[in-house]
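The values are calculated or read from the model by the stated rules, or taken from the named source; none is laboratory data. Note that the structure is a prediction, hence the values are computed from the model and not measured. All Cβ positions, even for glycine, are placed from backbone atoms using ideal geometry, and neighbour counts span all protein chains on display. What goes into the accessible areas is simple: the full protein's heavy atoms, side chains included, and nothing from ligands, DNA or RNA. Shrake-Rupley method; radii C 1.70, N 1.55, O 1.52, S 1.80 Å.
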Amino acid sequence: MKKIGLIGGISWVSTTDYYKLINLGINEKLGGLNFSECLVYSFNYADIKKNNDNNDWESTFNMLFKGCEFLKSGGAEAIILCANTMHLIADRLEKAIGLPIIHIASETAVEIQKKEIKKVGLLGTKFTMELDFFKDKLTDKGIETIIPASQEDRDFIHYTVFEELGRGIVTDETKKRYLEISNELIKNGAKGIVLGCTEIPMVIKPEDLSVPVFDTTSIHANAAVEFQLS
């Protein structure tokens, strides 16, 4: 089994999901008492959030690079960034650390292709929705991406990711708003909805919507399992 390194704490809530899903995935494949051989480097989310607020991606890069160095020194053969937003610097990190970083958007694009879907709605932080690092991976596979048209809706998602979901808080009111935003994307032609933040699966389940839901956390964790057993 290949050893992987997880960059977590962004937030701890989704990192626990990654750890659980990857271990369950290994056990499903191998049975018995077989589980994932992995290392975890978990950040203080407040430090990352401070950088985000100041648009200081250089500091975030330096932090994650040190985390990746720690994982590499422990024998990790690939890195999993347990957060969609951190993939803004994934390609640069991969070159700097000299290890493969399994890209969450690339793996999601593969799953969308399997459904033969050409247009999806994307939910995530404002960085994920408004910048191109995630959407470009889908575009490369011929998939069109739309995001909530309203700045108010994008601000709402961004705020709740950090101030609610990232703390493990889920409310009925927030779920209702997320579903309204998702259904508006479907109305505008989305044939699938991408949960482009690793905490959003806390509020949106596949049965909540009339189109396929792409849970990037689960997709990414499955890709990690496939790498470990390759």
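A few notes on this one:
- Secondary-structure-derived ellipticity at 222 nm for the chain, considering helices only, amounts to -15500 deg cm²/dmol, per-run term -39500 (n - 2.57) for DSSP H runs with n ≥ 4.
- Heavy-atom surface analysis with a 1.4 Å probe gives the chain a carbon and sulfur content of 49 percent of its accessible area.
- Relative contact order [Cα under 8 Å, 6+ residues apart], the chain, whole percent: 25
- Inter-probe distance in nm under a simple model that places probes 7 Å from Cα toward Cβ, at residue 173 and residue 42: 3.0
- Take the Cβ atoms of residue 77 and residue 49, set R0 to 30 Å, and the FRET efficiency comes out at 0.50.
- Cα-derived Rg over Rh, computed across region 1-73 with Rh taken as Kirkwood radius: 1.08
- Subset of 137/191; 66/95; 114/135; 176/205; 72/95; 119/176 violating a 20 Å alpha-carbon distance limit: 119/176
- In sequence order, calculated HN-Hα J values of region 154-168 (Karplus, 6.51, -1.76, 1.60; Hz; x Gly/Pro): 5, 5, 4, 4, 4, 4, 5, 4, 7, 8, 10, 4, x, 9, x
- Taking 12 Å as the straight-line reach from the Cα of residue 118, the aspartates and glutamates in range (excluding those fewer than 8 positions away in the same chain) are 140, 144.
- Average accessible area per residue (Å²) across region 183-230 - probe 1.4 Å, nucleic acids and ligands excluded: 37
- Cα-projected label distance for residue 23 with residue 180, points at 7 Å along beta-carbon direction, nm: 3.9
- Candidate cross-link partners of residue 29 among the aspartates and glutamates, defined by an alpha-carbon separation under 17 Å and a same-chain spacing of 8 or more, comprise 37, 226.
- Taking 0.36 nm per residue of separation and subtracting the Cα-Cα distance, full extension of the segment from residue 58 to residue 210 would add 50.7 nm.
- Accessible surface, per residue, of region 4-97 when the full set of protein chains is kept, probe 1.4 Å, Å²: 48
- Scaled radius of gyration (Cα, divided by 2.2 N^0.38 Å) that region 105-216 gives: 0.97
- In region 93-151, the chymotrypsin sites (Phe, Trp or Tyr not before Pro) that fall in loop regions by DSSP, at most 16 other Cβ within 10 Å: none
- Under Karplus coefficients 6.51, -1.76 and 1.60, residue-wise ³J(HN,Hα) of region 178-185 in Hz, glycine/proline x: 4, 5, 4, 5, 4, 5, 5, 5
- Surface listing: 141, 114 arranged by accessible area from highest to lowest gives 114, 141, probe 1.4 Å.
- Separation between Cα centres of region 82-148 and region 1-53, rounded to whole Å: 19
- Annotation: residue 170 carries an accessible surface of approximately 70 Å², with a 1.4 Å probe and no ligand, DNA or RNA atoms counted.
- Highest average packing first - 144-157, 22-35, Cβ atoms within 10 Å: 144-157, 22-35
- Net +/- balance of residues flanking residue 144 in space, Cβ distance below 15 Å, scoring K and R +1, D and E -1: +3
- Counting all C-alpha pairs of the chain, share separated by more than 20 Å (%): 58
- Residue-level accessible surface for residue 45, protein heavy atoms, 1.4 Å, Å²: 50
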